[in-house]
């Protein structure tokens with residue numbers, strides 16, 4: 001059996017009495033306490049938000065297309081080359097020494 005990780009960090013949030021009551025009812029219906037219910041729900045929401053940034057699922061055909069595209073050499077974009085040759089606007093220009 002896997003040992004549960006210790007919960008050592010506290011997360012606080014403000015809610016209306018109606019929201020708190022709704023969460024309590026939902027937690028009771030799920031057979032758990034409010035904190036566990038909220039944490040599981042928020043984790044699922046966070047995973048959904050980040051899913052397309054962390055995990056890519058492709059079928060065999062799409063994977064082959066992905067591999068083919070990534071084996072091709074990068075296109076030369078003259079505008080991008082000119083842009084990269086310009087001095088950065090975020091670097092200070094040193095003044096000439098007298």
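Read the figures in this text as sums done on the coordinates, not as results from a lab. Quantities reported herein were computed from a predicted structural model and do not represent experimental measurements. Don't worry about glycine lacking a Cβ; one is built from the backbone with ideal geometry, like all the others, and counts go over all protein chains shown.
Annotations
- For the pair residue 92 and residue 59, the difference between a 0.36 nm per residue extended length and the Cα-Cα distance amounts to 7.0 nm.
- Between residue 77 and residue 23, the modelled label-to-label distance comes to 4.4 nm, taking each label 7 Å out from Cα in the direction of the beta carbon.
- Hydrodynamic radius of the stretch 7-98 per Kirkwood, over alpha carbon pairs, in Å: 19.9
- FRET efficiency, 1/(1 + (r/R0)^6) with R0 35 Å, evaluated for residue 47 and residue 12 via beta carbons: 0.95
- Cα-based helix-to-principal-axis angle, 17-30 vs the chain, degrees rounded to 10: 80
- The long axis of helix 60-71 is offset from the longest Cα principal axis of the chain by roughly 30 degrees.
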